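What follows is one structure encoded as structure tokens, with my remarks underneath.
Each reported figure results from applying straightforward, stated rules to the coordinates on display, with no laboratory input. All figures in this text were calculated on a predicted structure; none of them were measured in a lab. Cβ coordinates were reconstructed from backbone atoms using ideal geometry, including for glycine residues, and neighbour counts include every protein chain displayed.
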Amino acid sequence: MSELKFCQGPNCHTYNTQDRVKGPQGNKTNQTRRRSSFYYGDDNFCSIACYNDWFREFGNQAIDHFGRTTEAKHLTEENAWVKGYRWDHRTDVCQHHYLNKITQEQRPLTEEQYNDNNYTLNN
Ligand SMILES: [Zn+2]
């Protein structure tokens, strides 16, 4: 079994659900959810409510830390590359590619390049 981790929602323990009630008999408390995986926020939050709670509390700090968008970005041929994939049911192989959203040109990608967040054709 994979390791359990906690939901990162700052108020997770305040929501009343039966599965959050934990602890020894007579000393049970509402606790932050702990699971092997979560559906929301890149596997960090148990619910959209916890995801939104986190953003309300920390979102502005995170945006300021990583860089706030202060002017419009423009889509050009040079930055229009987006990663995609297509499952070929005949061969049972996943084909990864880069697609230019302006020129519609496609270029093949390896799965490693597809998963590498630093790999890009965009300038
Ligand atoms: Zn939660």
Q) Among the chymotrypsin sites (Phe, Trp or Tyr not before Pro) within the stretch 22-123, which fall in a DSSP loop and have no more than 12 other Cβ atoms within 10 Å of their own Cβ? A) Tyr39
Q) Normalised by the number of residues in the chain, what is the relative contact order in percent for Cα pairs under 8 Å and 6+ residues apart? A) 17
**Q.** Farthest toward positive dipole pole in the chain [+1 Lys/Arg, -1 Asp/Glu at C-beta], among Phe66, Cys7, Trp81
**A.** Cys7
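How much length, in nm to one decimal, is gained on full extension between Arg35 and Lys22, taken as 0.36 nm per residue of separation minus their Cα-Cα distance?
Full extension from Arg35 to Lys22 adds 3.3 nm.
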Q) With each pseudo-label sitting 7 Å past Cα toward Cβ, what's the Leu4-Thr69 distance in nm, one decimal? A) 3.9
**Q.** Net charge dipole size for the chain [Lys, Arg +1 and Asp, Glu -1 on Cβ; Debye, nearest 20]
**A.** 680
Q. Taking the Cα atoms of the chain, what is the range of coordinates along each of the three principal axes, in descending order and whole Å?
A. 65, 45, 19
Q: DSSP loop (so not H, G, I, E, B), at most 16 other Cβ within 10 Å: list which GluC sites (Glu not before Pro) in the stretch 47-117 pass both filters.
A: Glu71, Glu105
Q.
Given axes a ≥ b ≥ c from the Cα gyration tensor, I'd like to know whether the stretch 32-95 is rounded (a/c under 1.5), prolate (a/b larger than b/c) or oblate.
A. oblate
Q.
If you average the C-alpha positions of the stretch 87-103 and of the stretch 5-74 separately, how far apart do those two centres end up, in angstrom?
A. 34
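In the stretch 11-67, what is the volume of the convex hull around the alpha carbon atoms, normalised per residue and reported in Å³?
Values: hull volume 5.6 nm³, N = 57.
In the stretch 11-67, the Cα hull volume divided by residue count equals 99 Å³.
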Q | Taking Lys101, Lys73 and counting other C-beta atoms within 10 Å, the order from fewest to most | A | Lys73, Lys101
Q) To the nearest 10 degrees, how steep is helix 48-66 against the longest Cα principal axis of the chain, on a 0 to 90 scale? A) 60
